[in-house]
Amino acid sequence: MRAMMFAIQEINSNANLLPNITLGYALYDTCDSVTIAMEEMLTLITGSKRYIPNYNCQMDSVLTAVIGESASAISIAMARILGTYHVPQVSYFSSINTLSNKQEFPSFFRTIPSDTFQTTAFAAIVEHFGWKWVGTLAEDNDYGYLGVHLFSEQVEKLGTCIAFSETIPLFYSKERYSAIAETIRHSSAKVIIVFSGDTNLLPLFGEITEKNITGRTWLASEAWSTSAFLIEKDQVNYFSGTLGLAIPQGTISGLQQFLFQLNPLQNLEDINIKTFWENSFGCSWFKNLNSNETICSGNENLSTVNNAYTQVSQLRITCNVYNAIYAIANALEDLFSCGNNKESFINEACVSERDMKSWQVVQALQRVNFTDQAGKQLYFDQNGDPVAKYDVLNWQIRADGYLVYGKVGSYDASMPKGQQLEIDEQATLWNGATSQPPVSECSNSCKPGFRKSILRGQPICCFSCIPCPEGEISNGTDFTECLKCPQDYWSNKNKDSCIPKEVDYLSFEEPLGITFSVSAALGVCQTILVTAVFIKYRHTPIVRANNLEMSFLLLMSLTMCFLGSFTFIGQPSPALCVLRQTVFGISFVLCISCIFVKTLVVILAFAMAKPNQNIFKLFRPFHQRLLVILTTLVQIVICIGFLYSSSSSIQKNREAVVTKIILECNIESGMAFLFAIGYIGLLALVCFALAFLARNLPDNFNEAKFITFSLLVFVIVWVSFIPGYMSTSGKYVTAVEIFAILSSAAGLLVCIFFPKCYIILLKPTKNTKRNVIGRSHQTSIRSM
């Protein structure tokens with residue numbers, strides 16, 4: 001009130017602002033009553049205590065504007081009446097966001113930001129400290145309800161949940177305050193946001209102290225953020241660390257000297273001054289025989305007193321009042337700047353003070369823009385609100401044991417998003433005198449490698465943490481879904497990063513590759529040894545009797561089979577894929593062709609022993625070689641056809657082993673392999689049938705028996721290969737192929753050549769022409 005008087009006095013003495021015009025004022029007390037406030041509004045507008053709506057009894061003075069009220073509920077009632085008469089109203093403390101509605105309150109302005117900005121600032125603080133589980137307290141009026149509602153909407157967008165929401169009664173209720181305190185005690189929320197005035201909070205503070213509820217961080221709305229002086233000394237430990245939003249601190253030059261001029265002898269009409277004087281100086285206006293108090297003289301010096309009245313270093317709401325007065329003065333200056341002319345209805349920006357209408361002042365306030373004493377620019381937006389700026393205050397315990405609030409940050413809504421909130425965490429002290437901000441969560445954060453799983457029936461902030469599945473990761477905290485790794489990547493052991501999949505193939509270094517390599521080398525060595533034996537004993541009957549040329553060709557093709565298995569081991573390449581299919585197909589066809597010729601030779605040789613038959617003349621060595629060439633040529637054509645019709649490339653098999661990339665020859669190479677096997681199998685079956693028919697020929701050393709057995713082994717291996725090939729995947733398909741190649745080649749080598757080597761090396765006495773071509777079966781018949 002005294003700041004308003006000072007501002008009006010200062011304006012009236014300013015020759016540059018509203019010269020030749022004197023501002024007056026009238027003071028009314030609403031007594032915190034909506035009814036009284038409405039009556040006084042009508043009295044102000046009509047000019048009579050017996051107010052008559054739509055009739056103005058004032059002849060000498062003009063109601064320019066109304067300053068106030070502080071309570072939002074009363075300001076709403078005032079704004080409805082003043083808006084009807086287009087009288088501007090400027091509030092210094094009513095922050096409820098409802099008043100920003102210009103359709104409902106067209107003439108309302110304020111020098112305090114709307115609660116919409118306050119709740120946004122609170123949400124920014126909650127986001128800054130990562131609080132996910134908070135409680136709210138709302139005063140039982142529109143200010144409290146709307147504040148909590150707006151705040152809840154803001155933080156829900158950030159993923160923060162409301163643990164509880166309680167209402168603070170306007171009238172004292174021990175049971176209600178006790179119930180609120182119990183809710184706070186049993187809640188796991190460590191942060192509580194309170195939208196209330198300080199008066200209604202005092203009983204709750206008492207309950208909090210009585211029930212010894214500590215470890216809570218309170219976020220104070222601007223209505224009580226500067227009320228630390230209301231906390232008793234025995235309560236400070238429960239409310240230290242409180243963070244609050246407050247109107248930015250300002251200074252008013254000359255105000256303190258004006259305040260010191262207050263004197264009860266000069267302001268006899270103000271009945272409150274004498275009470276204030278007694279409290280300030282510890283004196284009494286009336287002599288009390290039972291008291292040692294001195295008599296007040298009225299000449300005491302206020303400059304010697306240190307109380308809330310004389311303290312002007314922490315001006316906040318007072319500056320809002322001061323700025324409200326200057327906003328109206330600057331609006332009037334804007335209207336009167338053109339002098340006394342008759343253009344008031346033609347040019348709204350230029351009117352005479354006698355012709356001024358209240359709606360014109362409203363329009364001028366919408367355009368007002370000036371710089372206050374603190375150097376801050378003041379103007380109203382389209383909703384009649386100023387630029388939202390707040391100081392962030394922190395309640396800290398000072399040396400004498402009382403609470404004091406210090407500025408630890410600020411919020412400026414005019415700054416870009418992300419730069420609006422600034423907090424000095426180093427200067428902030430929390431409850432318990434700790435420098436670490438509290439953690440307020442319903443559930444502990446999920447670490448990297450885990451994701452949140454919402455608990456049924458619980459808010460989204462209450463969850464359990466489950467590990468990410470294989471191939472997925474979470475590289476941060478509180479992931480709701482795990483991220484799938486790219487195609488050629490896999491999750492590491494901790495599931496917090498993707499690593500390249502291991503490239504795998506049947507290599508020479510692994511045990512399986514070593515086993516196959518050694519087996520193939522042994523097969524080659526054995527084949528070479530057999531060849532050496534046959535070369536050394538090539539003139540012996542057992543070697544000469546078994547088609548020497550075809551035997552050497554068969555040994556050569558078996559060597560190629562064993563060597564060809566090496567092409568299936570190692571990192572695949574297009575050239576290697578072509579080579580393995582070609583070598584495999586040709587070498588095995590050459591083997592079967594040689595065996596086929598050898599079988600025919602055995603059969604024809606036996607047939608020549610019968611009278612009047614000369615079939616063997618039709619199957620001379622030339623014809624044998626030609627048959628081998630023709631059967632092998634068919635396989636060569638099959639290989640060339642597949643190579644020509646398909647591309648030679650390497651494919652990455654990602655399905656066989658999900659953690660690895662298996663390098664394989666492409667699908668066309670696999671088909672070529674199967675076709676080659678099919679042709680080889682056809683030849684083997686024909687050869688097997690012939691050998692089976694000739695198995696009982698009466699030679700002492702019948703090669704058809706060994707061919708039959710070797711082809712039986714060959715067919716069994718490759719028939720078994722088919723289910724094994726179809727049921728395996730990855731590099732084990734290659735292993736099955738190698739096993740079949742080595743087994744079938746070894747079977748041919750052992751079954752056909754080892755018996756001969758046994759006779760040559762260990763039973764040389766049987767290596768005679770008579771023993772080889774003898775007819776033991778016929779001899780036995782004659783003896784019978």
Per the helix-only model, the chain has a calculated mean residue ellipticity at 222 nm (DSSP H runs of ≥4, -39500 (n - 2.57) each, divided over all residues, rounded to the nearest 500) of -14500 deg cm²/dmol
Shape of the range 212-270 from its Cα gyration tensor (a ≥ b ≥ c, root eigenvalues): rounded if a/c is under 1.5, otherwise prolate when a/b > b/c, or oblate?
-> prolate
Within the under-9-Å Cβ sphere about TYR505, not counting TYR505, Lys/Arg +1 and Asp/Glu -1 give a net charge of -1
Just one of (i) 165, 63, 42; (ii) 135, 75, 65; (iii) 166, 70, 38 is Cα extents along the principal axes in Å calculated from these coordinates, so which is it?
-> (iii)
If each K or R counts +1 and each D or E counts -1, the residues other than THR567 whose Cβ falls under 12 Å of its Cβ total 0
Trypsin sites (Lys or Arg not before Pro) restricted to the range 403-457 and DSSP loop, no more than 16 other C-beta within 10 Å | LYS417, ARG456
Heavy-atom accessible surface of the range 385-506: percent carbon and sulfur, 1.4 Å = 50
Quick calc, the chain, dipole around Cα centre from Cβ unit charges on Lys, Arg (+) and Asp, Glu (-), nearest 20 debye, gives 8540
Karplus-derived 3J(HN,Hα), 6.51/-1.76/1.60, for each residue of the range 759-769, Hz, glycine and proline x = 5, 5, 8, 10, 10, x, 5, 8, 8, 10, 5
Amide H contacts under 5 Å for LEU18, placed H, 5+ residues apart | none
For the chain, with the dipole built from +1 on Lys and Arg beta-carbon atoms and -1 on Asp and Glu ones, taken about the Cα centre, which of ALA656, LEU27, ILE741 lies farthest toward the positive end?
-> ILE741
For LYS211, enumerate residues with amide H under 5 Å from its amide H, sequence gap 5+ or separate chain, H modeled in the peptide plane.
-> none
Rounded to 10°, Cα long-axis angle of helix 621-645 versus longest principal axis of the chain = 10
Near ILE760, within a Cβ-to-Cβ distance under 10 Å, what is the net charge of the other residues, with Lys and Arg +1 and Asp and Glu -1?
-> +4
Please give the peptides 366-374, 87-95, 489-497 ranked by average Cβ packing (other Cβ atoms within 10 Å per residue), highest first, as a rough proxy for protection.
-> 87-95, 489-497, 366-374
Would you please name the GluC sites (Glu not before Pro) within the range 383-485 that are DSSP coil residues with at most 13 other C-beta atoms within 10 Å of their C-beta?
-> GLU470, GLU481
Rolling a 1.4 angstrom probe over the protein heavy atoms, how many square angstrom per residue are accessible across the chain?
-> 50
12 Å reach of a label modelled at ILE460, 7 Å along Cα-to-Cβ, counting backbone N of the range 429-454 = 454
Kindly express, to the nearest 10 degrees and within the range 0 to 90, the angle between helix 198-210's C-alpha long axis and the longest C-alpha principal axis of the chain.
-> 60
Given 0.36 nm per residue, what is the gain on full extension from THR199 to SER445 after removing their alpha carbon distance, in nm?
-> 84.8 nm
Residue pairs, from the table LYS652/LYS731; LYS211/LYS233; LYS536/LYS756; LYS132/LYS407; LYS389/LYS417, whose Cα atoms sit over 18 Å apart | LYS132/LYS407
At a Förster distance of 30 Å, what's the computed FRET efficiency of SER453 paired with GLU182, Cβ-Cβ distance as r, to 0.05?
-> 0.45
Between the range 147-171 and the range 285-324, how many Å separate their Cα centres?
-> 39
Ranked from highest to lowest mean number of other Cβ atoms within 10 Å per residue, what is the order of the peptides 144-153, 589-598, 229-238?
-> 589-598, 144-153, 229-238
Report, for the chain, the % of DSSP beta bridges that are antiparallel, rounded to 5.
-> 55
Report relative contact order for the range 102-190 in percent, whole number only (criteria: Cα-Cα under 8 Å, sequence separation at least 6).
-> 30
Positive end of the charge dipole of the chain (Lys, Arg +1 and Asp, Glu -1 on Cβ, about the Cα centre): tell me which of ALA308, GLY678, ILE252 has its Cα farthest that way.
-> GLY678
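The values are calculated or read from the model by the stated rules, or taken from the named source; none is laboratory data. Treat the numbers as computed from the prediction; the structure is a model and nothing was measured. Cβ coordinates were reconstructed from backbone atoms using ideal geometry, including for glycine residues, and neighbour counts include every protein chain displayed. Accessible surface areas use protein heavy atoms only, side chains included; no ligands, DNA or RNA. Shrake-Rupley method; radii C 1.70, N 1.55, O 1.52, S 1.80 Å.
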